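**Q** Have a look at the structure that comes next, please.
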Amino acid sequence: RLKIAPHEVCYLQAGIYDGNPGGFPDPTTGEQINNNAGVEFEINNDEGYLAYLETGYRLNPDGRDGLPGTYKIGAYYHSDDFYDLYHDANGDFYVLTGNSPETHEGNYGFYALAEQQIYREIAGDDPAHQGLGLFARYATAPKNRNLFTESYDGGIVYKGLLPGRDWDTCALAASYL
């Protein structure tokens, strides 16, 4: 992973990872092959690679000039082959024809994330930034190779809700897939 932050309020980061770090089934026996509990890094044609790219903006990161917030957009690409969820190579529904599903080269998706504090208990130099915040996320991916093609998430977060527990976070979230 490489992160470049030319200024405290913005960054760009990218990463490339093993396409299947948790092991994979042996193609001849179906038996699960362990790869050292996911710490092995091997990019090959059997598993592909997973790459991420993200950029973000931090509004009032120190909290002195206003309420802090973070806004991000990103994308990912997985280079392995993925089966179509619906169609065979002829474009027919493979559950009806019995033919093998169509194969797609690669998989990808995009997302956007926003986190914004809307109320602060203590103004100024509170290092915990105690108060109430909101967050929202949207993600999308191709329908033919993903079970969930769009997702929406959102919620509220309160940091420092209990006296003397300034860094503790209490949150309530909802998700729609």
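The values are calculated or read from the model by the stated rules, or taken from the named source; none is laboratory data. Bear in mind that the values here come from a model prediction, so they are computed numbers and not experimental data. Cβ: placed from backbone, ideal geometry, glycine included. Neighbour counts: every protein chain shown. For the accessible areas, the whole protein counts, side chains as well, though only heavy atoms, and no ligand, DNA or RNA atoms are used. Shrake-Rupley method; radii C 1.70, N 1.55, O 1.52, S 1.80 Å.
**Q** Pairs needed: first member in the stretch 148-163, without any contact (Cβ under 8 Å) to a residue 12 or more places away in the chain; second member anywhere, crowded, with 16+ Cβ neighbours inside 10 Å and not in a strand (DSSP E or B); C-beta distance under 8 Å; at least 6 residues apart or different chains.
**A** Once the first residue is without any contact (Cβ under 8 Å) to a residue 12 or more places away in the chain and sits in the stretch 148-163, its partners that are crowded, with 16+ Cβ neighbours inside 10 Å and not in a strand (DSSP E or B) give 149/141.
**Q** Does residue 141 satisfy the criteria of being of a type in the set (A, V, I, L, M, F, W, C) and touching a strand residue (DSSP E or B) at 6+ places or on another chain (Cβ under 9 Å)? So that I can check it myself, show each step before the final result.
**A** Working: of a type in the set (A, V, I, L, M, F, W, C): yes; touching a strand residue (DSSP E or B) at 6+ places or on another chain (Cβ under 9 Å): yes.
So residue 141 fits the description; yes.
**Q** I would also like to ask the following. Just the residues that are exposed (fewer than 15 other Cβ atoms within 10 Å of the Cβ) and over 19 Å from the mean Cα position of the chain (by Cα), please, taken from the stretch 113-145.
**A** 118, 119, 122, 123, 124, 125, 127
**Q** To continue, here is another question. Condition first: within 30 Å of residue 125 (Cα to Cα) and either touching a strand residue (DSSP E or B) at 6+ places or on another chain (Cβ under 7 Å) or open to solvent by 50 Å² or more (accessible area, probe 1.4 Å) (or both). Now tell me which residues in the stretch 64-112 satisfy that. Talk me through it step by step, then tell me what you get.
**A** Taking the stretch 64-112 as the starting set, the residues that turn out to be within 30 Å of residue 125 (Cα to Cα) are 64-73, 112.
64, 65, 67, 68, 69, 70, 71, 72, 73, 112 - these are the residues of the stretch 64-112 that are within 30 Å of residue 125 (Cα to Cα) and either touching a strand residue (DSSP E or B) at 6+ places or on another chain (Cβ under 7 Å) or open to solvent by 50 Å² or more (accessible area, probe 1.4 Å) (or both).
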